[in-house]
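Okay, structure first, notes after.
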Amino acid sequence: MADSSSLLDQMLERYEAMEPNAKQELTDLVLSRTKDMRWIPTVGPQYDAVMSPADVLLYGGSGGSGKSDLLVGIASTEHQRSLLIRKHYTDLGALIDRAKELNVDRVGFNGSPPPRLTNAESRIIDFGGVANLGDEQHWQGHPHDLIGIDEVVQLARSQVDFLIGWNRGPDGQRKRVILASNPPVGSQGTWIIEMFAPWLDPRHENPAKHGELRWFVTVGTADEGSKDLEVDPDTFYPSKASDKFGRTVVNVDGEELEPLSRTFIPGSLSDNPFLRDSGYGAKLDGLPEPMRSAIRDGNFMAARMDDSNQMIPTSWIQEAQSRWLPYPPQGIPMCGMGVDVARSSDETVVATRYDGYYPELIGVPGKTTPHGTDVAALVIKHRQHQAVVVIDVGEGTGGQAFAHLQNNEVEVRAYRGMDPSIRRTEDNQLRFTNLRTEAYWRFREALDPGQPGGSPISLPDDPKLMSDLAAVTWELTPRGIQALSKKKVVEKLGRSPDRGDAVIMAWTAGPKAITHAAEWRDDQRTGKIRSKRKSAPTINMGKRRSR
């Protein structure tokens, strides 16, 4: 993709260099051809966004790149029925004002929630707010051939997926979704990096160019825990119901699924001729880091700024992931298992622990573990070396699994996050309001890279695990430290933090090097525990402390 700002500059230079008569002739021609157009995209990324064939387009990045104007402009000129979304109704003012400006001959505007504008060409623009989880369902049964979501990172991923499901329209009408946004600030909205990983995550194994189409299907169901699967266009074959846009289907495990294309087109202030010389750039230059890199430069990875009261710093999680190897340390047994139970929605997740080393997490659809015996069978299948099992008994299935494991003489501990805690922080200064807060804080202490010998924790590179652990914040109350409630974390992520909770639970019980290192060395000498890899390294035991 060409440098749009330099292309625009070249065009302007050539225009200014024209003879006066030729310049006037060109001006008259352009005005005559565009006088009846409600809106014209600017040269560069905004025009590329209009012309992109992507089913789902992420546009923007930098502040002042014309994101909102793109949504209103394309709704006013290209689509019959559009839905423009912001998180809060109070945020819709600028979009509505711009729509009124572009559609001065509108047949009618109804400002009662949800607002609607209809222009002389019978194009309808609906405006909506989805402040709370579930608000998006108000649009169920209301198909729109354009769904445009402004500042999309303020929404939960589940809300976006639901709205995309109603991107429909009559035959012959282009259907598309445009997600417009600056990069997320804090932990909210980091799901956008996973959704558009080929363009946004520099660690992606197969990075994509700006504007390049990639194709995805959704496998699983909402109850099972759906996920994106990138598919190869070479495997497509024409659908019997393919339309003029070349819709195709792909075979995934015997099921025919219709993939949707995605792409990312970045825009910057320099691409916007209406703002780039307005002094707005100086305001972006004055932002502190990492907000400056995120909003001025559109750096999505720089935007992963921790909340000021984040329980576990993101950098500590990343360091633990960088220490991870695909096999456990030699001579150390499986010490603990954390089990977060789900019956229908989300996943049942088992986290196994070898001192501070965590292998890849075991996750199964919740619908496959409807009974306590199903959960117990999953535990017994993966348990080794008499590891201590910690299971969440906050709901019925977990309690049933706990009882079944006890009856089978498995060493198992019940975990109730809301039970009171009698412990204090390591410096003995502060109490915890409940066991969940204590468990997360203890894991924070274990991840601290500044402790003597460094942190003993090693975590798999799991994006959901990263999000789960980084989403928990804390506050100091008269009763002590209190972690953000699980209900609030679910609202923040748009799903249950199953993986983070399982990892935390596995740390709460079972042997650790501070108490069992000598015993493990004796077992290694006598051959009681043998690693499958002879050259496996010994893990860093970290700081030894009493509990």
Revision key, fill the gap. Checked the range 41-53 for anything crowded, with 22+ Cβ neighbours inside 10 Å and under 10 Å from THR263 (Cα atoms); matches are ALA49
Check your understanding: Tally time: how many residues in the range 404-422 are in a helix (DSSP H, G or I) and either touching a residue at least 60 places away in the same chain (Cβ under 8 Å) or exposed (fewer than 14 other Cβ atoms within 10 Å of the Cβ) (or both)?
Key -> 1
Revision key, fill the gap. Scanning the range 391-403 for residues that are assigned to a helix (DSSP H, G or I), buried (at least 21 other Cβ atoms within 10 Å of the Cβ) and modelled with pLDDT of 90 or more gives ALA401, PHE402
Revision key, fill the gap. Flagged in the range 28-57 as in a helix (DSSP H, G or I) and modelled with pLDDT of 70 or more, in numbering order, are LEU29, PRO45, GLN46, TYR47, ASP48, ALA49, VAL50, MET51
Study note, to complete from the structure: Counting only residues in the range 58-113 that are modelled with pLDDT of 90 or more, under 26 Å from LEU133 (Cβ atoms) and in a loop (DSSP other than H, G, I, E, B), the one farthest from the chain's Cα centre (by Cα) is identified as HIS88
Check your understanding: Quick check: is even one residue across the range 395-409 among the β-branched types (Val, Ile, Thr) and within 14 Å of ALA506 (Cβ to Cβ)?
Key -> no
Review point. Across the range 158-200, what is the total count of residues that are charged (D, E, K, R), within 19 Å of ARG214 (Cα to Cα) and surrounded by fewer than 22 Cβ atoms within 10 Å (Cβ to Cβ)?
Key: 4
Point to revise | Cβ pairs under 6 Å, 6+ apart, first in the range 491-503 and of a type in the set (Ser, Thr, Tyr), second assigned to a loop (DSSP other than H, G, I, E, B) and at pLDDT below 90 | key: SER496/ASP346
Study note, to complete from the structure: Scanning the range 119-131 residue by residue, those under 26 Å from the mean Cα position of the chain (by Cα) and either farther than 15 Å from ILE149 by Cα or among the aromatic types (Phe, Trp, Tyr) (or both) turn out to be PHE127
Practice item. Tell me, please, whether a residue that is modelled with pLDDT under 90, over 19 Å from the mean Cα position of the chain (by Cα) and either surrounded by fewer than 17 Cβ atoms within 10 Å (Cβ to Cβ) or not assigned by TED's automatic domain parsing to the domain that holds ARG413 (or both) can be found in the range 344-364. Key: yes
Review point. Is it the case that the range 473-490 has a residue that's aromatic (Phe, Trp, Tyr) and closer than 14 Å to ASN434 by Cα?
Key: yes
Check your understanding: Could we say that PRO460 is touching a Pro at 6+ places or on another chain (Cβ under 9 Å), surrounded by 18 or more Cβ atoms within 10 Å (Cβ to Cβ) and closer than 26 Å to PRO184 by Cβ here?
Key -> yes
Review point. Hey, among ARG499, ARG495, which residue is under 26 Å from the mean Cα position of the chain (by Cα), assigned to a loop (DSSP other than H, G, I, E, B) and assigned by TED's automatic domain parsing to the domain that holds ARG423?
Key: ARG495
Exercise for review: Count, please, the residues in the range 430-478 that happen to be outside any loop (DSSP other than H, G, I, E, B) and either in contact with a helix residue (DSSP H, G or I) (Cβ under 8 Å, 6 or more places away or on another chain) or basic (Lys, Arg) (or both).
Suggested key: 20
Check your understanding: Of (1) over 24 Å from THR352 (Cβ atoms); (2) modelled with pLDDT under 90; (3) touching a Gly at 6+ places or on another chain (Cβ under 9 Å), MET418 satisfies all except one. Which?
Key -> (2)
Study note, to complete from the structure: Every listed condition ((1) over 24 Å from the mean Cα position of the chain (by Cα); (2) part of a loop (DSSP other than H, G, I, E, B)) holds for ILE481 save (2)
**Study point:** Filtered residues of the range 492-512 (kept if of a type in the set (A, V, I, L, M) and at pLDDT 85 or above)
**Key:** ALA502, VAL503, ILE504, MET505, ALA506, ALA509
Exercise for review: Quick one: GLN80 ticks every box in (1) farther than 30 Å from GLY44 by Cβ; (2) out of contact with any helix residue (DSSP H, G or I) (no Cβ under 9 Å at 6 or more places or on another chain) except a single one, so which number is it?
Suggested key: (1)
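The values are calculated or read from the model by the stated rules, or taken from the named source; none is laboratory data. From a predicted model like this one, the values you see are computed outputs, not experimental measurements. So basically every Cβ, Gly included, is an ideal-geometry build from the backbone, and we count neighbours across all protein chains shown.
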